[in-house]
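Working notes, structure below.
The values are calculated or read from the model by the stated rules, or taken from the named source; none is laboratory data. All values derive from a computational prediction rather than experimental measurement. Positions of Cβ are backbone-derived with ideal geometry, glycine not excepted, and every protein chain shown enters the neighbour counts. Side chains included, ligands, DNA and RNA excluded: accessible areas come from the protein's heavy atoms. Shrake-Rupley method; radii C 1.70, N 1.55, O 1.52, S 1.80 Å.
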Amino acid sequence: MASSTTARIVRPVAVPVLGLIWLAVTTMPFLFMVMTTFKTQQESYSSSVWALPEALDFVNYRAVLAGPFLTYLKNSVMVVGISVTLIVLISAMAAFAFARMRFRLNDALFGLIVAGMIVPIHITLVPIYLMTRDMGLYDSPFALVGPYVATSLPISIFILTEFMRQIPKELEEAARLDGCGPFAIFFKVFFPLSGPGLSTVAIYNAIMLWNEFIFAYVLTSSTSTRTLPLAIWDYQGQYSSNIPAILAVVTLTSLPLIVAYAFGQEKIVKGMMAGSLKG
Amino acid sequence: MTSITLSGVNKSFGANFPVIRDVDLVIDDGEFCVFLGPSGCGKSTLLRMVAGLETAYTGEIRIGERAVDKVEPADRQVAMVFQNYALYPHMSVYDNMAFGLRQAKTPKDEIERRVKEAARILQIEPLLDRMPKALSGGQRQRVAIGRAIVRQPKVFLFDEPLSNLDAALRVHMRSEIATLHRNFPAASMIYVTHDQTEAMALADKIVLLHAGKDMLKHGSIAQVGRPLDLYHQPRNLFVAGFLGSPTMNFLEATFVGQEETGARVALKSGEDLTVPVDGSTLASGASVTLGVRPEHLAPVAAAATQTLTRQVRAVEHFGEYSFVYLDGGAAPLIAKVPGDGGLKAGDSASFAAPASCCHLFDGDGIALPRRDSL
Ligand SMILES: Nc1ncnc2c1ncn2[C@@H]1O[C@H](COP(=O)(O)OP(=O)(O)OP(=O)(O)O)[C@@H](O)[C@H]1O
Ligand SMILES: [Mg+2]
């Protein structure tokens, strides 16, 4: 009896209700942010927090875009783009080797790389700063690419290795009979077949790196070399009390991610599930 | 030029785990050879060695005149059809078939000609633009075969290609594979299966493999020969028991003596039978095993010489034939009789065991040589 009551009444009601509550909790701050960007500085002080803006005024956005915002954006796109491309390529190749090639140190090396996931980024800051300075890369956006790729590889290799282990070995053998060497097997069979895994890795890392602050803060110093998370930081100094303007920066910064997630969400979920379901 | 020769081939996984032992085998030009055997006897392993997918064995494998031990799989002029088809999921049917040719830098119009031709033979022309996941099992099977055909190989290798299909489709595809063999008479084929019906239906030559103790003692190959040779003249108990359904009846017996017409044996249950084999190597009183297939036990009206009389325990009717389960005597027997057999449980019935259909195996399970003049 009890279980059928659960099944008939509690579950159909409770699940949507809890879902709605969760939706409200997560979208409230977001709504507040977007709404406030349309208020003037004056208005943001005088009106209630949840009051609608008096007019749909883009003045804050215009002010932000008139500044160096586009330079930050360009740097972010460049650094994240290059890093994610490298991460996907390198981790896919490494994963192929770990998942498919028999060599003596396979398991040991894989363990070592996966162990890299537990190294806290912060203890690497000073050595990386010193290395970057010695290499003459300090205060260049490209200084970020190395640390970004290095810190993202362990988890990416881990995800993709699991993914490639699921690909049937007969496909590899069929490709060998069709005349493929290791490179052709990788690029023509394993790489395309890992699509969902690759997009998971790409999107996951893109989000992490898009928001990355600490390396960017330590390894760059000028407006012309900094990425978006530092834009917020820099603007906060500049507009210290202009909350709507700061929120406009935040909104513009998160916009690309929101768009990317909206389009890629299905693939991310699929990629994250694939490892567990196909086994 | 498409013959395959294996000489002294041995393979083990790890130092102490022999899988293939002492295989000497010749598959002639254009021959359809079936590797048959129970699960785990190394059929796939042997096939994959010919394909070049398993290395680290001892002995030599030749395709045509050429020793291929150091030749890459792609350069052996073999094509393989896998049990799970192994179609590339991200390529259309056309691209699946064209892939190997593109890798070999075949001219584009030649690729197109060959793919179209294979598609015509296999009647999959309307499917060329589909992706593999949009195909049925039988269609995938055809594409897998098509991928093999376009390469114009010297040798086709099939690893249990029909085992993922349902029973009706299996029979159909079996006849298509036989047709394929007729369409490409020059190419040899090696076909792995554990299904004796498939083997009997398709093979020019059956290679029956065994595993475990038998393999360690006698090598991997239990017997090689034409299907009916294996059926009528099994070389040992394993072969006799493996082929035929239901399996051959085995009866313990003692050797009485060699006579003009063959070896005389006394069954544990008392009957005396004569088997047309040469038992002159046996000592009188040696224990032997008499084998007779269920379909060779013919119901007769009354006990006579060369008959067995038993109690009917149960009868299974299949319309065309019936299985009669017999008790009494030292061991249970099965007889396969035409129609409904006119017998029922509890009856006492006599069955003739024609001498020419009896087999005799010595204490080691090796068949005694037949005297076929008899
Ligand atoms: N890569 C491998 N490593 C270790 N042992 C293996 C390997 N491949 C096969 N074996 C073993 O070798 C033996 C023969 O395997 P094989 O796949 O050739 O058998 P098979 O006759 O094809 O059986 P089936 O009818 O089940 O396909 C089995 O005992 C199997 O466990
Ligand atoms: Mg097998």
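More than 31 Å from the chain's Cα centre (by Cα) and modelled with pLDDT of 90 or more, is that true of B:ARG264? Yes. Could you list, in sequence order, the residues of segment B:1-49 that are surrounded by fewer than 18 Cβ atoms within 10 Å (Cβ to Cβ), farther than 15 Å from B:VAL207 by Cβ and touching a residue at least 12 places away in the same chain (Cβ under 8 Å)? B:MET1, B:GLY8, B:ASN10, B:PRO18, B:ASP29, B:GLY30, B:SER39, B:GLY40 - these are the residues of segment B:1-49 that are surrounded by fewer than 18 Cβ atoms within 10 Å (Cβ to Cβ), farther than 15 Å from B:VAL207 by Cβ and touching a residue at least 12 places away in the same chain (Cβ under 8 Å). Specify which of the listed residues (A:SER241, A:SER254) is open to solvent by 10 Å² or more (accessible area, probe 1.4 Å), touching a residue at least 60 places away in the same chain (Cβ under 8 Å) and not assigned by TED's automatic domain parsing to the domain that holds A:GLU43. Just one listed residue meets the conditions, A:SER241.
Scanning segment B:26-50 for residues that are more than 9 Å from ligand 1 (Cβ to nearest atom) and either within 14 Å of another protein chain (Cβ to nearest Cβ) or under 18 Å from B:ASP214 (Cα atoms) (or both) yields B:LEU36, B:MET49, B:VAL50. Cβ-Cβ distances below 6 Å connect the following pairs, each with a first residue in segment B:141-152 that is touching a residue at least 60 places away in the same chain (Cβ under 8 Å) and over 15 Å from B:MET173 (Cβ atoms), a second residue that is surrounded by fewer than 24 Cβ atoms within 10 Å (Cβ to Cβ) and not polar (S, T, N, Q), and a separation of six or more residues or different chains: B:ARG151/B:GLY100. Filter segment B:152-167 down to the residues that are away from ligand 1 (no atom under 16 Å from the Cβ) and either closer than 21 Å to B:ILE61 by Cα or among the β-branched types (Val, Ile, Thr) (or both) and list them by number. Of everything in segment B:152-167, those that are away from ligand 1 (no atom under 16 Å from the Cβ) and either closer than 21 Å to B:ILE61 by Cα or among the β-branched types (Val, Ile, Thr) (or both) turn out to be B:GLN152, B:PRO153, B:LYS154, B:VAL155, B:PHE156.
Scanning segment B:142-174 for residues that are away from chain A (no Cβ under 14 Å) and either open to solvent by less than 20 Å² (accessible area, probe 1.4 Å) or over 27 Å from the mean Cα position of the chain (by Cα) (or both) yields B:LEU162, B:LEU165, B:MET173. Pairing each residue of segment A:39-58 that is open to solvent by 70 Å² or more (accessible area, probe 1.4 Å) with any residue that is of a type in the set (Phe, Trp, Tyr), provided the two are 6+ apart or on different chains, yields C-beta distances under 9 Å for A:VAL49/A:PHE32; A:TRP50/A:PHE32; A:LEU52/A:PHE38; A:GLU54/A:PHE38; A:LEU56/A:PHE38; A:PHE58/A:PHE38. Residues in segment B:123-162 that are aromatic (Phe, Trp, Tyr) and more than 16 Å from ligand 2 (Cβ to nearest atom): B:PHE156 only. Considering every residue within segment B:335-343, establish whether at least one is in contact (Cβ under 8 Å) with a residue 40 or more places away in the chain, open to solvent by 40 Å² or more (accessible area, probe 1.4 Å), farther than 30 Å from B:GLY37 by Cα and out of contact with any helix residue (DSSP H, G or I) (no Cβ under 6 Å at 6 or more places or on another chain). Within segment B:335-343, one or more residues are in contact (Cβ under 8 Å) with a residue 40 or more places away in the chain, open to solvent by 40 Å² or more (accessible area, probe 1.4 Å), farther than 30 Å from B:GLY37 by Cα and out of contact with any helix residue (DSSP H, G or I) (no Cβ under 6 Å at 6 or more places or on another chain). The residues listed here are B:ALA187, B:ALA201; of these, the one that is open to solvent by less than 40 Å² (accessible area, probe 1.4 Å), away from ligand 1 (no atom under 13 Å from the Cβ) and either assigned by TED's automatic domain parsing to the domain that holds B:GLY42 or basic (Lys, Arg) (or both) is B:ALA187.
Yes or no, residue by residue, for (1) open to solvent by less than 20 Å² (accessible area, probe 1.4 Å); (2) in contact (Cβ under 8 Å) with a residue 60 or more places away in the chain:
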position: A:ALA174; (1), (2): yes, no
position: A:CYS180; (1), (2): yes, no
position: A:TYR217; (1), (2): no, no
position: A:THR227; (1), (2): yes, yes
position: A:LEU230; (1), (2): yes, yes
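Being out of contact with any strand residue (DSSP E or B) (no Cβ under 8 Å at 6 or more places or on another chain), crowded, with 19+ Cβ neighbours inside 10 Å and facing chain A (nearest Cβ under 9 Å) is a property that B:PHE99 has.
Tell me whether segment B:112-125 contains one or more residues that are among the acidic types (Asp, Glu), more than 9 Å from chain A (Cβ to nearest Cβ) and out of contact with any helix residue (DSSP H, G or I) (no Cβ under 9 Å at 6 or more places or on another chain). Checked segment B:112-125: no residue is among the acidic types (Asp, Glu), more than 9 Å from chain A (Cβ to nearest Cβ) and out of contact with any helix residue (DSSP H, G or I) (no Cβ under 9 Å at 6 or more places or on another chain). Any residue in segment B:310-331 that is under 27 Å from the mean Cα position of the chain (by Cα), within 22 Å of B:GLY365 (Cβ to Cβ) and not assigned by TED's automatic domain parsing to the domain that holds B:GLU198? Within segment B:310-331 (the criterion being under 27 Å from the mean Cα position of the chain (by Cα), within 22 Å of B:GLY365 (Cβ to Cβ) and not assigned by TED's automatic domain parsing to the domain that holds B:GLU198), the answer is no, since none of the residues qualifies. B:VAL239 satisfies every condition listed in (1) among the β-branched types (Val, Ile, Thr); (2) crowded, with 21+ Cβ neighbours inside 10 Å; (3) touching a Pro at 6+ places or on another chain (Cβ under 8 Å) except (3). Within segment B:61-119, being away from ligand 1 (no atom under 16 Å from the Cβ), of a type in the set (Val, Ile, Thr) and either touching a Pro at 6+ places or on another chain (Cβ under 9 Å) or touching a residue at least 40 places away in the same chain (Cβ under 8 Å) (or both) holds for B:ILE63, B:VAL78, B:VAL93. If the condition is being among the β-branched types (Val, Ile, Thr) and within 8 Å of chain B (Cβ to nearest Cβ), then segment A:148-201 contributes only A:VAL189. Restricted to segment B:212-233, and to residues there that are crowded, with 21+ Cβ neighbours inside 10 Å and in contact (Cβ under 8 Å) with a residue 24 or more places away in the chain, the residue that is farthest from B:LEU6 (Cα to Cα) is B:LEU230.
So, B:THR305, is that one surrounded by fewer than 18 Cβ atoms within 10 Å (Cβ to Cβ) and polar (S, T, N, Q) or not? It is true that B:THR305 is surrounded by fewer than 18 Cβ atoms within 10 Å (Cβ to Cβ) and polar (S, T, N, Q). The criterion of being within 13 Å of ligand 1 (Cβ to nearest atom) and of a type in the set (Gly, Ala, Ser) does not hold for B:SER7. Counting the residues of segment B:247-273 that are crowded, with 17+ Cβ neighbours inside 10 Å and β-branched (Val, Ile, Thr) gives 2.
The lone criterion from (1) facing another protein chain (nearest Cβ under 9 Å); (2) of a type outside the set (Val, Ile, Thr); (3) open to solvent by 30 Å² or more (accessible area, probe 1.4 Å); (4) within 16 Å of ligand 1 (Cβ to nearest atom) left unmet by B:LEU53 is number (3). You will find that of B:VAL9, B:VAL50, B:VAL23, the residue that is assigned to a helix (DSSP H, G or I) and more than 13 Å from ligand 2 (Cβ to nearest atom) is B:VAL50 and no other.
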